[in-house]
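The values are calculated or read from the model by the stated rules, or taken from the named source; none is laboratory data. Remember, predicted model here, so these are calculated numbers, not experimental data. Note: ideal-geometry Cβ built from the backbone for every residue, glycine included; neighbour counts use all protein chains shown.
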Amino acid sequence: MAQFTSLGHAAIRVKDVERSLDFYVRQLGFAEMMRLNHEDGRLMLIYLRITDDQYLEVFPDAEGDRAPGINAVGYNHICLIVDDMDGILAKLAEQSVPLFRPKKVGLDRNVQAWIEDPDGNRIELMQMAPNSMQSEAIQRLRQGL
């Protein structure tokens with residue numbers, strides 16, 4: 001039976017491409033992989049690498065000044081899994097990336113912290129805990145319960 005294998009990419013629209021690239025490439029360390037242009041030569045999107053099979057598409061020319069609020073209809077945030085929260089937070093502090101919400105243990109028992117990109121798009125950073133609700137649910141699914 002065919003099945004989904006992963007989430008390939010998330011896409012955001014940004015107001016200022018260079019400001020966003022400074023954030024995602026210089027401050028977060030994502031690599032720019034490629035750019036696609038419209039037939040008339042205008043920039044369509046920039047593809048950034050998160051991992052070898054997960055990407056962020058950055059589209060230019062957003063309308064408005066900030067992403068919709070946290071309670072607006074639509075996608076709410078992206079979540080980046082980290083292997084060392086304290087190490088990531090130290091790197092972000094070196095890059096002057098402020099926390100939107102401080103590090104804490106969430107209700108699901110994972111460690112999380114939140115940042116925002118220059119357009120107000122929310123980004124959850126999450127370090128999966130061995131005793132997290134997600135880990136427990138995966139075990140149940142594997143056992144067929």
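Observations on the structure shown:
- Filtered residue count, the stretch 99-130, keeping only those that are in a loop (DSSP other than H, G, I, E, B) and either among the hydrophobic types (A, V, I, L, M, F, W, C) or within 22 Å of Pro68 (Cα to Cα) (or both): 10
- Residue ID - nearest to Ile12 (Cα to Cα), chosen from residues in the stretch 103-145 that are basic (Lys, Arg) and in contact with a helix residue (DSSP H, G or I) (Cβ under 8 Å, 6 or more places away or on another chain): Lys103
- Enumeration of residues in the stretch 96-112 that are aliphatic (A, V, I, L, M) and over 15 Å from the mean Cα position of the chain (by Cα): Val105, Leu107, Val111
- Where Arg19 falls short, out of the listed (1) in contact (Cβ under 8 Å) with a residue 60 or more places away in the chain; (2) more than 15 Å from the chain's Cα centre (by Cα); (3) in the same structural domain as Leu125 (by TED's automatic domain parsing); (4) in a helix (DSSP H, G or I): (3)
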